[in-house]
1. Out of the residues in region 248-271 that are exposed (fewer than 15 other Cβ atoms within 10 Å of the Cβ) and farther than 20 Å from residue 314 by Cα, which is nearest to the chain's Cα centre (by Cα)?
2. So which residues in region 32-60 are out of contact with any helix residue (DSSP H, G or I) (no Cβ under 7 Å at 6 or more places or on another chain), at pLDDT below 95 and part of a helix (DSSP H, G or I), if there are any at all?
3. Would you confirm whether or not region 191-198 contains a residue that is surrounded by fewer than 21 Cβ atoms within 10 Å (Cβ to Cβ) and in a helix (DSSP H, G or I)?
4. Taking region 10-30 on its own, how many of its residues are surrounded by 14 or more Cβ atoms within 10 Å (Cβ to Cβ), touching a strand residue (DSSP E or B) at 6+ places or on another chain (Cβ under 8 Å) and part of a loop (DSSP other than H, G, I, E, B)?
5. Out of 214, 227, 203, report the one residue that is closer than 26 Å to residue 313 by Cα and either in contact with a strand residue (DSSP E or B) (Cβ under 7 Å, 6 or more places away or on another chain) or part of a helix (DSSP H, G or I) (or both).
6. When you scan region 84-105, do you find a residue that is under 25 Å from residue 316 (Cβ atoms) and assigned to a loop (DSSP other than H, G, I, E, B), even just one?
7. Just to be sure I understand, how many residues within region 310-335 are over 28 Å from residue 262 (Cβ atoms) and surrounded by 16 or more Cβ atoms within 10 Å (Cβ to Cβ)?
8. Restricting attention to region 294-327, which residues are part of a loop (DSSP other than H, G, I, E, B) and over 26 Å from the mean Cα position of the chain (by Cα)?
């Protein structure tokens, strides 16, 4: 765990004056020291103990579960070195630290078929990204493209397709159709729900099972599967709206129409909750448009299975949830990407000019050559 270097943290033992600690031996302790520093800044110097020191239950005083989200190149440091250090300390009996509960390590994420490279200018600057696109769009695209079990790629065209086809045309379209219908035919108030038909019962059962199914994937760190499951409810909600044909029922059977629209409002609330970990900004807009109190993030996960939107509730101001990304916007990003791509040989080119292989005869005559024994 030591290195023969002039820089680093010195080994505090006699006879090791010229040794420093291996960087990964001391770096992982930064998780604890960072928590200590935060505690001091908050004026609660002992707060860190709540999270890191173990009760008889095996968890921290605050019920801490230590989960390490890392890349595959750092697995050994988080599954061997750090746990070994903590276990060795714990055996001393002075105090016991929380051990890693899980280490979900990802593979590598590439960009347009190549590795990210700062020296070559190959990648995306997050600050530039959010000036053009909403942060939720990137969160969503990455959640569906996480390299959970193998390397994956971020492609601009794929990003555009996910935003347009899934966020705008599926989720956004369902929310907009539902709320616009309520605004137009029910004076902006959630209509009363009546007796249920078979079509209603099926989609309600799908809604009831969604938080459990999605939550299970998230708890197992299968974020991609969790998002797919959540979006499947959005697709079913859209299909339910289409199959129920409320635009016909409003004239032919107003009571059945009211039931359909009420259930759609319940589905919108459920979707806001189960998608809150992925698109937190958009779901709060859904929440506000539904006229609900509080926030989607704090509503309670299991409540997504319930029919909690009350009849008579006045909806809020409507707005488009997601705007489609035009081809021109993506082409511009692709051009920026290409312009920033420096060839590998150029990126590795030394700043110092190469030494000339030959000199002129005039320069050679100036050379004073001497031989010594």
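The values are calculated or read from the model by the stated rules, or taken from the named source; none is laboratory data. These numbers were taken from a predicted model, which means no experiment stands behind them. Neighbour counts are summed over all protein chains in view; Cβ atoms, including those assigned to glycine, are modelled from backbone coordinates with ideal geometry.
1. For region 248-271, the residue satisfying everything is 248.
2. 49, 50
3. The answer is yes, given that some residue of region 191-198 is surrounded by fewer than 21 Cβ atoms within 10 Å (Cβ to Cβ) and in a helix (DSSP H, G or I).
4. Looking only at that region, the number is 3.
5. Every option except 203 fails the conditions.
6. Within region 84-105 (the criterion being under 25 Å from residue 316 (Cβ atoms) and assigned to a loop (DSSP other than H, G, I, E, B)), the answer is no, since none of the residues qualifies.
7. The qualifying residues number 3.
8. Those that are part of a loop (DSSP other than H, G, I, E, B) and over 26 Å from the mean Cα position of the chain (by Cα): 306, 307, 308, 309, 310, 311, 312, 313, 315, 316, 317, 318.
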